[in-house]
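Take a look at the structure set out below.
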Amino acid sequence: PDRYLVVGHPVAHSKSPFIHAAFARQTGQSLSYDRLDLAPDDFESGLADFFALGGAGCNITVPYKERAAGFANRLTERAAFAGAVNTLWLGDEGLVGDNTDGVGLVRDLKRHLALRDRRVLLLGAGGAARGVLAPLLAEQPAQLVIANRSADKAAALAELAAGLGRVESCAYEALDGDFDLVINATSASLAGETLPLPEALFSQGGLAYDMMYGQAPTAFLRQAEQLGAAVRLDGLGMLVEQAAEAFRLWRGVQPDTAPVLLALRDSLG
Ligand code: ATR
């Protein structure tokens with residue numbers, strides 16, 4: 001069977017093998033999908049070995065998405081904009097690097113709300129935020145504001161996306177007005193930290209989305225509940241959707257994500 005991997009450091013807790021095994025069963029595809037932990041000094045050589053030995057494709061996770069973009073021979077347009085790659089495969093002209101995180105987020109969001117003409121706030125201006133910015137803007141929200149602890153980084157990201165739609169930026173303290181959708185793309189939740197967000201952040205029926213996930217609600221989602229967000233979602237759906245898009249690119253078949261998300265949620269306990 002064709003061989004696939006998820007590469008990261010650490011990677012032991014990655015849910016990708018679970019997700020891709022489920023997609024393969026569901027679609028009758030014959031493939032293997034394993035984890036590979038590569039130390040920082042071994043990333044490029046480890047990847048090169050995998051493909052030299054007949055590997056078909058891989059996903060890339062923390063902390064290597066930017067380095068994977070440098071390793072690919074060709075980047076898709078969305079990967080080039082993201083400056084990061086989460087999906088690689090061997091094409092006719094070498095290694096192709098793509099980024100399916102943004103479409104993964106948008107597809108998961110669209111299960112809950114139409115983004116067109118909505119007021120959207122993106123929290124964070126690091127790699128995770130940049131990775132989803134172009135697909136979000138492609139949905140033509142009425143407004144997209146990037147807020148970040150370092151306002152300079154938010155401004156730089158807004159500048160980068162200026163040609164793609166109406167983007168503004170500010171520091172958390174300068175946030176004003178309410179939003180239909182607030183997406184957390186910071187890593188603050190990882191440290192259990194909350195962001196200094198104003199009281200009137202969510203519009204009536206507003207949705208909070210944390211790109212992170214965990215067994216219990218993240219710090220951001222707990223904060224969003226206190227701020228009155230009507231709907232609160234973690235990033236598990238995005239994880240399954242970005243995997244589905246990678247699977248489609250590799251195998252040419254579109255898996256059904258809903259049952260796999262349910263099974264994954266169950267497995268988290
Ligand atoms: P990632 O790839 O996860 O985006 P990153 O590029 O290092 O990682 O970006 C981390 C993001 O989380 C940044 O937006 C960072 O804010 P700064 O740019 O101001 O550093 C944000 N972040 C991380 N920890 C934070 C905290 N405790 N409070 C507020 N923002 C935090």
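The values are calculated or read from the model by the stated rules, or taken from the named source; none is laboratory data. Keep in mind the model is a prediction, meaning the values are calculated, not measured. Glycine gets a Cβ as well: all are built from the backbone with ideal geometry, and neighbour counts include every protein chain shown. These area figures cover heavy atoms from the full protein model, side chains too; ligands, DNA and RNA do not enter into them. Shrake-Rupley method; radii C 1.70, N 1.55, O 1.52, S 1.80 Å.
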>> What are the membrane-span-like helices in the chain by this rule: whole DSSP H runs, Cα extent along the axis at least 20 Å, mean Kyte-Doolittle hydropathy at least -0.5?
In response: 236-251
>> Per residue, how large is the accessible surface of the chain? Use a 1.4 angstrom probe and give square angstrom.
In response: 45 Å²
> Looking only at VAL253, VAL132, VAL240, which one moves most when the chain is put into a Gaussian network model with springs between Cα atoms under 10 Å?
Replying inline: VAL253
> Amide H of LEU5: which non-local residues (sequence gap of 5 or more, or other chain) have their own amide H closer than 5 Å, using H built in the peptide plane?
Replying inline: ASP34, GLY57, CYS58, ASN59
> What percent antiparallel are the DSSP beta bridges of the range 90-230, to the nearest 5?
Replying inline: 10 percent
> Charges only on Cβ, +1 for Lys and Arg, -1 for Asp and Glu: so what's the dipole of the chain about the Cα centre, in debye to the nearest 20?
Replying inline: 520 debye
> When the convex hull of the C-alpha atoms of the range 102-236 is computed, what volume per residue in Å³ does it have?
Replying inline: 92 Å³
> Using the Cα atoms of the range 1-96 to build a convex hull, what is its mean projected area in square nanometres?
Replying inline: 6.2 nm²
> Hey, what's the Cα Rg ratio for the range 177-260 versus the globular rule of thumb, 2.2 N^0.38 Å?
Replying inline: 1.26
> Under a GNM of the chain (C-alpha, springs under 10 Å), which listed residue has the highest mean-square fluctuation: LYS153, LYS110, LYS15?
Replying inline: LYS110
> Rounded if a/c is under 1.5, else prolate if a/b beats b/c, else oblate: with a ≥ b ≥ c from the C-alpha gyration tensor eigenvalues square-rooted, which is the range 87-160?
Replying inline: oblate
> Which of LEU5, PRO17, VAL62 sits farthest toward the positive end of the charge dipole of the range 2-99, with +1 on the Cβ of Lys and Arg and -1 on the Cβ of Asp and Glu?
Replying inline: PRO17
>> With n ≥ 4 as the cut-off for DSSP H runs, can you work out [θ] at 222 nm for the chain, using -39500 (n - 2.57) per run divided by the number of residues, rounded to the nearest 500?
In response: -11500 deg cm²/dmol
>> Suppose we keep just the DSSP beta bridges with both residues in the chain; what percent of those would be antiparallel, to 5?
In response: 20 percent
> Which ³J(HN,Hα) values, rounded to whole Hz and listed in residue order, are derived for the range 175-187 from phi using the Karplus coefficients 6.51, -1.76 and 1.60 in 6.51 cos²θ - 1.76 cosθ + 1.60 with θ = phi - 60°, glycine and proline given as x?
Replying inline: 5, 7, x, 10, 10, 6, 9, 10, 10, 8, 10, 8, 9
>> Using all alpha carbons of the chain, what is the percent of pairwise distances in each 10 Å bin, ordered from the shortest bin to the longest?
In response: 7, 30, 35, 21, 6, 0
